[in-house]
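Undergrad: Okay, handing you the structure first.
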Amino acid sequence: MEKVQKIVKILIVGLLLLVSIMTNAQSRLGFSEQEIRSEFSDETFYSGSTEDGTKYIYKFGGHTVAFYYFDEDNVTYMCSVMPKESGALNYLVEHYNKTAVIVDNYNWKSYDVNNHLTYISLREVNNKLLFIYTVRPLQ
């Protein structure tokens, strides 16, 4: 009986981690800043701009930090998600291995119902691993 309780506790913790990662690591490509802020209204966003003037906002989630980059129409064209710990990183890699087309060990591509192709890349930037999402309409 004790083993069953331990397994149930592990499953519950795993499910909570999974839900937290999934809700905090969504790319939101094609969304406006207002749409993102409205969807995550209970979270605090910070804003800034890159050296070339690209506007971005970012938030700290339970297991990730998400950055949203905006084009001149104030629509996200790129997102980066930084897992805070190895469990979140492993989950995301396994998730994309199952749900997206594997290009190589660090790149995936995914197609959505709006006829867009999303590129997902795992990159090291300033000694941190980031998932970078970009979207392009299919030709």
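Undergrad: For each of 101, 81, count neighbouring Cβ atoms within 10 Å of the residue's Cβ, then give the residues from fewest to most.
TA: 101, 81
Undergrad: Moving to a separate point now. Which of 134, 99 has the fewest other C-beta atoms within 10 Å, and how do the rest follow up to the most?
TA: 99, 134
Undergrad: Which loop-located trypsin sites (Lys or Arg not before Pro) does the stretch 39-133 contain, where loop means any DSSP state but H, G, I, E or B and the Cβ has at most 16 other Cβ atoms within 10 Å?
TA: Taking the stretch 39-133 and a limit of 16 other Cβ atoms within 10 Å, the loop trypsin sites (Lys or Arg not before Pro) found are 84.
Undergrad: Now a separate question. Report the chymotrypsin sites (Phe, Trp or Tyr not before Pro) located in the stretch 25-134 that are in a DSSP loop and have at most 15 other Cβ atoms inside 10 Å of their Cβ, or state none.
TA: Answer in residue order: 106.
Throughout, read-outs are computed from the coordinates displayed, never taken from laboratory work. Quick caveat: nothing in here was measured; it's all calculated off a predicted structure. As a convention, Cβ positions derive from the backbone with ideal geometry for all residues, glycine included, and neighbour counts pool all protein chains shown.
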